[in-house]
Amino acid sequence: QVQLVESGGGLVQAGGSLRLSCAASGCTFSSYAMGWFRQAPGREREFVAAISGLGRSTAHANSVTGRFTISRDNAKNTVWLQMNSLKPEDTAVYYCAADRAFAVVQRGGSIAVWGQGTLVTVSS
């Protein structure tokens, strides 16, 4: 059974940086595309970034392009989200996601596995 555990959330001032980590277990990690989503209070969960199984393809939401970067290390079964130039509107619970299909991770509709989430709070 695939399990995802996020870490790295916290409180940061606007303009600061954070790096979120997601450690996977119970799977052949390179067989899974990975993604990050976020959900702010009172809003629907939204796509942030995705990366293919071998890391050859990535996608980022327009709202984070140029500020956030997704990456992975298959030897460590870990995916990261480097977040720079954080804004108060980036405040949300960030979720790690895994699915065998990169397109599914990008769409976010029927993703196979979700992590429990980690809270990021950006103060102004």
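Scanning the stretch 24-65 for residues that are in a strand (DSSP E or B), at pLDDT 95 or above and under 20 Å from Gln1 (Cα atoms) yields a total of 5. Within the stretch 7-17, being part of a strand (DSSP E or B), open to solvent by 30 Å² or more (accessible area, probe 1.4 Å) and not polar (S, T, N, Q) holds for one residue alone: Leu11. Can you go through Ala33, Ala40, Ala92 and tell me which one is among the aliphatic types (A, V, I, L, M) and closer than 22 Å to Ala103 by Cα? Matching residue, one of Ala33, Ala40, Ala92: Ala33.
Taking each residue of the stretch 77-91 that is free of Cβ contacts under 8 Å to residues at least 60 places away in the same chain and outside any loop (DSSP other than H, G, I, E, B) and looking for partners that are among the small types (Gly, Ala, Ser) and surrounded by 18 or more Cβ atoms within 10 Å (Cβ to Cβ) with beta-carbon atoms closer than 8 Å, six or more apart or interchain, yields Thr78/Ala24; Val79/Ala24. Can you say whether Ser85 is out of contact with any Ser or Thr (no Cβ under 6 Å at 6 or more places or on another chain) and under 24 Å from Gly16 (Cβ atoms), as far as the supplied structure shows? Yes.
When the stretch 92-111 is filtered for residues that are surrounded by fewer than 20 Cβ atoms within 10 Å (Cβ to Cβ) and of a type in the set (Ser, Thr, Tyr), only Ser110 remains.
Residue under question is Ser52, and the condition is that it be touching a helix residue (DSSP H, G or I) at 6+ places or on another chain (Cβ under 6 Å), in contact (Cβ under 8 Å) with a residue 24 or more places away in the chain and surrounded by 18 or more Cβ atoms within 10 Å (Cβ to Cβ); does it hold? Yes.
In the stretch 59-81, the residue that is surrounded by the most Cβ atoms within 10 Å (Cβ to Cβ) out of those that are more than 12 Å from the chain's Cα centre (by Cα) and either closer than 17 Å to Ser31 by Cα or among the small types (Gly, Ala, Ser) (or both) is Asn77.
The values are calculated or read from the model by the stated rules, or taken from the named source; none is laboratory data. Please read all numbers here as calculations on a predicted model, not as lab measurements. Using ideal geometry, Cβ is built from the backbone for each residue, glycine included, and neighbour counts are taken over all protein chains shown. When the accessible area is computed, the model is the full protein with side chains, heavy atoms only, and any ligands, DNA or RNA have been set aside. Shrake-Rupley method; radii C 1.70, N 1.55, O 1.52, S 1.80 Å.
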